[in-house]
Amino acid sequence: MECGAEVRTVWQWLNENFEEALCAGMLLCMAALAFLNILTRYLTNFSLAFSEEIEVSLLVYLTMLGSAAAFKRGIHLGLVFLVRRLPRSAQRWLEAGSAALAIGLFAALCWFSLRQIQDEIAMATTSEALAIPQWWYTLGLPLGSLIIAARIIQATRRALRGAAPS
Amino acid sequence: MTDPSVWLFVSFLVLVGLGVPIAIAVGVSGAFFLWYYQLGIQILSANIYGNIAKFQLLAIPFFILAGLILDRVGISQRLVHLVNLLIGPTTGGLALVAVVVCVFFAGLSGSGPADTAALGTVLIPAMVAKGYDRGFASALIASGGSIAIIIPPSIAFIIYGVITATSIPALFAAGILPGIVVGLCLMVPAYLISRARGYAGDRWGRPAEIWRAFRDSIWGLLAPLVILGGIYGGIFTPTEAAVVAVFYGLFVGGLIYRTLTWRILYETLRDAALSSAVVMLIVAFAGLFAWAGSTLGAMDKAARFIIGLSQSPWVTILWVNLLLFIAGMLLDAVSIYYVFLPIFMPVMAHFHWDPVWFGVVMTINLAIGQVTPPVAVNLYVAANLARISLERISRAVLPFVLAMVGALLVAIYLPVLSTWLPKLLRLY
């Protein structure tokens, strides 16, 4: 079943690099847009006002997707000094509780951002510079929340099974 | 103890103590109080979006990226080589080289842990090879790395400027001299310990060698001029200067040193994006916490409490700094700015403190927080690079923490050290 193996490798690559690759691409786009804006302003006295709008909204997507990758890799900053001194079973409970809180927070963010999007669609809110639907930008919050929640569940299951985070 | 204001802060600290990531802890307590006291939880989404989507904050990913690129194309090794030839056979030569390079590299990078990683990779193995103790070497680099947030560019000043609406170029200029003072203070224990333990220096560089090393690192030496010259020449905003620094790094790495490969480019973009996201998630949720605290009236109450502590501004500033020092042991700098600045701003207004001076003082204190355990980002990075335990590096860092506290006191009692340069440049 070579085909199955290939699908599995693609899936594995996505599992390991999906958010990372998107974030790297977005950061490159943001930097390139900003640089282009500087060049046009000094060479032609024109300002690409829309570029700032795109950069800022890409920053929202970058924050959410990059945070998902950071949850997967366990690099969000925290105070583990006290917890490490507890028995392993207590640590597991705290890890599960911490994951539940995080998922609850992102569930709330997802819910309220979907309601914000509803409002923006209903009122046909458009962005200031490009006049495109505002909810295209807001969408980063619920989408990101879902991916983050999935990564937290994945990382917590792995941690509770006793494996070290990759 | 039934005052919800107290519980807001207590719940946050308890969650952090239980090992919940700081971003989540600050977000959960902020969101819970907004919901429980019916302060308008509906704004959750709009508030988070607004906290992230600020033009000035774009400078954070750009400066992180610029610092990483300038390091990975090979500027840090070249600088270490040059400074080593110049310092020569002085006792503790390599330790002093480390501090000088840390101060200089702080002019390229705005993140303490990124600086520690960049210089630690080069300097810790070099120092260990010369017979320096691993604990001493890594603690020194971790402390020196924290100067990154005092000398511009600085992520810390960007966040302080956004929260307090203070001019970021003015803050950047204000950090230069105090950052150099912190470096000088770090040299004292570095030299004394090296002398006591007999760490010898290297040989003098021959003039031809020095010239070659200088020519080799000239592109690195010019980078701070590009960044700061652009800002103070009135050509660029800080965000634009950060972007220019990114492309300067790409230019040097791609065309001059020819060390930049597609793989390095991808890895640098990825690492910069992830580091930025970790910072920005704290920005998003700590901003929510600050909003909840202000709406609840908790920030005003805490401010009135601090104002009531003493009539004397000098006593108050010491209390404020003690509070920041303790907070710096338990939390990261970004969440401290968002949680504590709404409390300190009324205090600053009451005593007519200069916001630029206060920003420098607070930032030096939080730079110390990057090396005071248990939460000490720079110590984590340096201990990892040196493959030693957090306990060992925590003991080794103590003399450097004392030296930095000395520099902090100098910055507190000599406001002119911070305000002279921004006033000279007519930035405020």
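The values are calculated or read from the model by the stated rules, or taken from the named source; none is laboratory data. What you are looking at is a predicted structure, and each value in this text was computed from that prediction instead of being measured. Here Cβ is always computed from backbone atoms with ideal geometry, including for glycine, and neighbour counts include all displayed protein chains. SASA here: full protein model, heavy atoms, side chains in, ligands and nucleic acids out. Shrake-Rupley method; radii C 1.70, N 1.55, O 1.52, S 1.80 Å.
Quick one: grab the alpha carbon gyration tensor of chain A, order the square roots of its eigenvalues as a ≥ b ≥ c, and give me rounded if a/c is under 1.5, else prolate or oblate depending on whether a/b is larger than b/c.
Prolate.
At what distance in nm do the modelled label points of B:ARG195 and B:SER310 sit from each other, each positioned 7 Å from its Cα along Cα→Cβ?
Here the answer is 3.4 nm between the modelled labels.
Given a Förster distance of 22 angstrom, what is the FRET efficiency for B:VAL6 paired with B:LEU322, based on the Cβ-Cβ distance and rounded to 0.05?
So the FRET efficiency works out to roughly 0.70.
Estimate for me the total accessible surface buried between chains A and B (protein heavy atoms, probe 1.4 Å, no ligands or nucleic acids), in Å² to the nearest 100.
Between A and B, the summed buried area is about 4700 Å².
Convert each backbone phi in the stretch A:84-94 into a coupling constant with the Karplus relation 6.51 cos²θ - 1.76 cosθ + 1.60 (shift: θ = phi - 60°), then list the ³J(HN,Hα) values in order as whole Hz, x for Gly and Pro.
4, 8, 8, x, 4, 5, 5, 4, 4, 4, 5
Which residues, if any, in the stretch B:43-69 have at least 10 Å² less accessible area in the whole protein complex than in the isolated chain, probe 1.4 Å?
With the partner chains in place, the stretch B:43-69 has these residues losing at least 10 Å²: B:LEU44, B:SER45, B:ALA46, B:ILE48, B:TYR49, B:ILE52, B:ALA53, B:PHE55, B:LEU58, B:PRO61, B:PHE62, B:LEU65.
How big is the charge dipole of the stretch A:14-166 about its Cα centre, in debye rounded to the nearest 20, if each Lys and Arg gets +1 on its Cβ and each Asp and Glu gets -1 on its Cβ?
1140
Which residue, chosen from B:PHE214, B:VAL188, B:PHE289, occupies the Cα position most advanced towards the positive end of the dipole of chain B, where the dipole is computed from +1 (Lys, Arg) and -1 (Asp, Glu) charges on Cβ about the Cα centre?
It is B:PHE214, whose Cα lies furthest towards the positive end.
Per-residue Cβ counts within 10 Å, from other chains only, averaged over A:111-120: what number is that?
3
Considering Cα pairs under 8 angstrom that are at least six residues apart, work out the relative contact order of chain B and quote it in whole percent.
On the way: 683 pairs, mean separation 116.0, N = 428.
For chain B, the relative contact order is 27 percent.
What's the center-to-center distance, using Cα atoms, between the stretch B:20-52 and the stretch A:10-74 in Å?
First find each Cα centre; the distance between them is then 25 Å.
Expressed in nm to one decimal, what extension gain is obtained for the pair B:LEU398 and B:LEU255 from 0.36 nm per residue of sequence separation less their Cα-Cα distance?
47.2 nm
Residue by residue through the stretch A:68-74, what is 3J(HN,Hα) from phi via Karplus (6.51 cos²θ - 1.76 cosθ + 1.60, θ = phi - 60°)? Round to whole Hz and write x for glycine and proline.
With the stated coefficients, the stretch A:68-74 comes to 4, 4, 5, 5, 4, 8, x Hz.
What is the Cα centroid distance between the stretch B:301-331 and the stretch A:83-132, reported in whole angstrom?
Using only Cα atoms to place each centre, the spacing works out to 33 Å.
Can you tell me the dipole magnitude for the stretch A:80-138 around its Cα centre, using point charges on the Cβ only (Lys, Arg +1; Asp, Glu -1), in Debye to the nearest 20? Write down the numbers at each step before the final one.
Values: 5 positive and 4 negative charges, 135 e Å.
So the magnitude is around 640 debye.
Have a look at the stretch A:7-25 and report residues whose accessible surface goes down by 30 Å² or more when the remaining protein chains are included, against the chain on its own, probe 1.4 Å, ligands and DNA/RNA excluded.
A:GLU20, A:ALA24
Classify the stretch B:1-49 as rounded, prolate or oblate, taking a ≥ b ≥ c as the square roots of the eigenvalues of its Cα gyration tensor: rounded when a/c is under 1.5, otherwise prolate if a/b is larger than b/c and oblate if not.
Note, shape of the stretch B:1-49 comes out oblate.
Tell me, which residues of the stretch A:127-147 get at least 30 Å² less accessible area when the other protein chains come in, versus the chain alone (1.4 Å probe)?
A:LEU141
Report the residue, chosen from B:GLY107, B:GLY359, B:GLY406, that carries the largest GNM mean-square fluctuation when chain B is represented by alpha-carbon nodes joined by springs under 10 Å.
Residue with maximal mean-square fluctuation among B:GLY107, B:GLY359, B:GLY406: B:GLY406.
Can you pull the one-decimal nm distance between simple spin-label points at B:PHE55 and A:LEU39, each 7 Å off the Cα toward Cβ?
Label-label distance for B:PHE55 and A:LEU39, simple model: 2.1 nm.
What FRET efficiency, computed as 1/(1 + (r/R0)^6) with R0 = 51 Å and r the Cβ-Cβ distance, is obtained for B:LEU39 and A:ILE132, rounded to the nearest 0.05?
Plugging the Cβ-Cβ distance into 1/(1 + (r/R0)^6) gives 0.95.
For the charge dipole of the stretch B:247-403, defined by +1 on Lys and Arg C-beta atoms and -1 on Asp and Glu C-beta atoms about the Cα centroid, which residue among B:LEU322, B:PRO346, B:ILE388 has the Cα displaced farthest towards the positive pole?
B:ILE388
Using a probe of 1.4 angstrom, how much of the accessible area of the protein assembly as shown is carbon and sulfur, in percent? If you can, show how the numbers build up before the last one.
Working: 16910 of 24600 Å².
In the protein assembly as shown, the share of accessible area belonging to carbon and sulfur is 69 percent.
Any chance you could run the full-extension gain for B:SER294 through B:ARG203? It's 0.36 nm times the residue separation minus the Cα-Cα distance, nm to one decimal.
26.9 nm
If you take the square roots of the eigenvalues of the alpha-carbon gyration tensor of the protein assembly as shown and sort them as a ≥ b ≥ c, do you get rounded (a/c under 1.5), prolate (a/b over b/c) or oblate? Show your work: numbers first, answer last.
On the way: a/c = 1.34, a/b = 1.22, b/c = 1.10.
The shape class here is rounded.
Assuming R0 = 35 Å, what is the FRET efficiency of A:ALA5 and B:GLU267, from their Cβ-Cβ distance, to the nearest 0.05?
With a Förster radius of 35 Å, E is 0.85.
Filter chain B for me: DSSP H helices, axial length by Cα at least 30 angstrom, mean Kyte-Doolittle hydropathy not below -0.5. List them by residue number. Numbers along the way, then the final one.
Working: long enough: B:168-197 (43 Å, 1.62); B:262-296 (50 Å, 1.17).
Membrane-span-like by this criterion, though nothing is claimed about a membrane: B:168-197, B:262-296.
Among A:140-147, B:411-418, B:207-214, A:104-111, how do they line up by average Cβ neighbours within 10 Å per residue, starting with the highest? Could you put the intermediate results ahead of the total?
Working: A:140-147: 22.0, B:411-418: 18.2, B:207-214: 13.2, A:104-111: 19.8.
Descending mean neighbour count gives A:140-147, A:104-111, B:411-418, B:207-214.
Ignore the peptide's own chain and count Cβ atoms of other chains within 10 Å of each Cβ in B:331-337; give me the average, rounded.
Working: counts 3, 3, 0, 1, 1, 0, 0.
Partner Cβ neighbours, averaged per residue: 1.
Rolling a 1.4 Å sphere over the protein heavy atoms, what is the accessible area per residue of the protein assembly as shown, to the nearest Å²?
41
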